[in-house]
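Single-structure report; data block below.
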Amino acid sequence: MVVPKYKRILIKLSGEALAGEKGIGINISTVQKMAEEIKEVHDLGIEIALVIGGGNLWRGEPAAEAGMDRVQADYTGMLGTVMNALVMADSLQQVGVDTRVQTAIAMQQVAEPYIRGRALRHLEKGRIVIFGAGVGSPYFSTDTTAALRAAEIEADAILMAKNGVDGVYNADPNKDKTAVKFDELTHRDVINKGLRIMDSTASTLSMDNDIDLVVFNMNESGNIKRVVFGEQIGTTVSNNVEKEED
């Protein structure tokens, strides 16, 4: 029997992943397909949490650059992540997966407040937990939210699911045909090389808490399962290489 490499994971999805080909808004059929993929892994006994960005509905930085107050712009984006979380939760429920949404901003009519102990209990009972509204404060990305929540729930890995991107390269493969893909990196490599996998705060949090990060193409069916069982797809970022050197 093949033993999974990771037993508790946090999947980080971009908001654009929910938009389908249009790139903006929410495409329900796209979300439903993603829910089926996640259910397949959940049915194997893997404990799963999700963080979803809000870029399909709102982007705070461009709004701030256009003259909107940055704090208000970021709070607006947090509400977008809650909308995405609720839609994903509904699709997971419809395929038979018990799901809870927890938000860092209180909105008890639609979601639970984020409470670490309650989130852990949900995971232990086989429920998927979706964390919405970022960390509840402006100036922090959903990448940082993913790293922070992964540390808090003691996740084995963060699965960074990308649209049509099969890993981390030393250059943009769409613009540079000589771009080289990395199979493995250390968190220190990511920070030192300035690789834009996630923001520097999130990278440092992942490194300090010894959480693996796997960047892979979510558009290929079955990839989440392959990552969980340790197949070499995408790019794996960890502290392992540094430990060997020590």
Label zone at Glu40 (point 7 Å along Cα-to-Cβ), backbone N below 19 Å, the stretch 133-176
159-167
What's the ranking of 134-143, 70-79, 22-31 by average number of surrounding C-beta atoms within 10 Å, highest first?
134-143, 70-79, 22-31
Over the Cα atoms of the stretch 6-236, what Rg and Dmax result, in angstrom?
16.7, 52
Suppose each label sits 7 Å from its Cα in the direction of the beta carbon; what would the Ser221-Asn192 distance come out to in nanometres?
4.2
Over the stretch 6-236, average the accessible area per residue using a 1.4 Å probe and give it in Å², no decimals.
46
Quick one: order Lys125, Lys177, Lys39, Lys225 from most to least accessible surface, probe 1.4 Å.
Lys177, Lys125, Lys225, Lys39
DSSP beta bridges in the chain, what fraction antiparallel, as a percent rounded to 5?
15
Label-point separation (nm) for Ala106 and Met68, each offset 7 Å from Cα along Cα-to-Cβ?
2.5
Relative contact order of the chain, please, whole-number percent, based on alpha carbon pairs below 8 angstrom and at least 6 residues apart.
21
Hey, quick one: spin label on Gln93, modelled 7 Å out along Cα-Cβ, who in the stretch 111-145 has an amide N within reach, i.e. under 14 Å?
111-112, 128-130
Which residues does a label at Phe229 reach in the stretch 1-29, if reach means a backbone N under 18 Å from a point 7 Å past the Cα toward the Cβ?
1-9
Have a look at Met34, Leu148, Leu92 and report the one farthest towards the positive end of the charge dipole of the chain, computed about the Cα centre with Cβ charges (Lys/Arg +1, Asp/Glu -1).
Leu92
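The values are calculated or read from the model by the stated rules, or taken from the named source; none is laboratory data. Predicted model, so just to flag it, every value in this text is computed and none were measured. Note: ideal-geometry Cβ built from the backbone for every residue, glycine included; neighbour counts use all protein chains shown. The protein model used for the area step is the full one, side chains on, heavy atoms only, and it has no ligands, DNA or RNA in it. Shrake-Rupley method; radii C 1.70, N 1.55, O 1.52, S 1.80 Å.
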